[in-house]
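Just so it is clear, none of the values below were taken in a lab; they were calculated from the coordinates. Treat the numbers as computed from the prediction; the structure is a model and nothing was measured. We place every Cβ from the backbone using ideal geometry, glycine too, and count neighbours over all the protein chains shown.
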Amino acid sequence: MSKPIQVEVYDQVYQLAGSADPEQVRQIAARVDTLMRTIAHQGRVVDTVRLAVLTALNLADENEELRRKCARLEQTLAEKSSEYHRTLDGALSRVG
């Protein structure tokens, strides 16, 4: 087990243990903190639990959008790869 990592999110200190890269954990915690503060400054949420849920929903939505984008890029890559493969096969059959 690695050394615990201390992070602060929305004025709460957390000791996190795990195998993740400490710098990455700090960056994620900072992202969560920033988003919680942004939502809180909009003035509609006072309850910290509701604020945390709204933050989680925002991050889940962002994650889902990135998954869809990644899937589209993978599809484009597969299509282009097949296209280039056919083009190369055609060129090689004419040479050989």
Practice problem: Find out how many positive minus negative residues lie around Tyr10, taking Lys and Arg as positive, Asp and Glu as negative, among other residues whose Cβ is under 14 Å from that of Tyr10. | Solution: -1
Quiz item: What net charge do the residues around Ala29 carry, taking every other residue with its C-beta under 12 Å from that of Ala29, with Lys and Arg at +1 and Asp and Glu at -1?
Solution: -1
Practice problem: Rank Ser82, Tyr14, Thr48 by how far each Cα sits towards the positive end of the charge dipole of the chain (+1 on Lys, Arg Cβ; -1 on Asp, Glu Cβ) and give me just the farthest. | Solution: Ser82
Quiz item: How much length is gained if the chain between Tyr14 and Gln27 is pulled fully straight, taking 0.36 nm per residue apart and subtracting their Cα-Cα distance, in nm to one decimal?
Solution: 3.3 nm
Exercise. May I ask you to compute the full-extension gain from Val53 to Leu77, defined as 0.36 nm times their residue separation minus their alpha-carbon distance, rounded to one decimal in nm?
Key: 5.1 nm
Self-check item: Prolate/oblate/rounded label for the stretch 1-95 (Cα gyration tensor, a/c 1.5)
Solution: oblate
Exercise. Within the set of other residues whose C-beta is less than 13 Å from the C-beta of Arg67, count the net charge using Lys and Arg as +1 and Asp and Glu as -1.
Key: -2
Quiz item: Given a cut-off of under 8 Å on Cα pairs at least six residues apart, what relative contact order in percent is computed for the chain?
Solution: 16 percent
Quiz item: So what's the angle, to the nearest 10 degrees on a 0 to 90 scale, between helix 22-41 and the longest Cα principal axis of the chain?
Solution: 70 degrees
Practice problem: Take the Cβ-Cβ distance between Leu66 and Ala91 as r, set R0 to 35 Å, and report the resulting FRET efficiency rounded to the nearest 0.05. | Solution: 0.45
Quiz prompt | Helix 48-95 axis, angle to the chain major axis (alpha carbon atoms, nearest 10°) | solution = 10 degrees
Exercise. Quick one: dipole size for the chain, taken about the Cα centre, charges +1 on Lys/Arg Cβ and -1 on Asp/Glu Cβ, in debye to the nearest 20.
Key: 200 debye
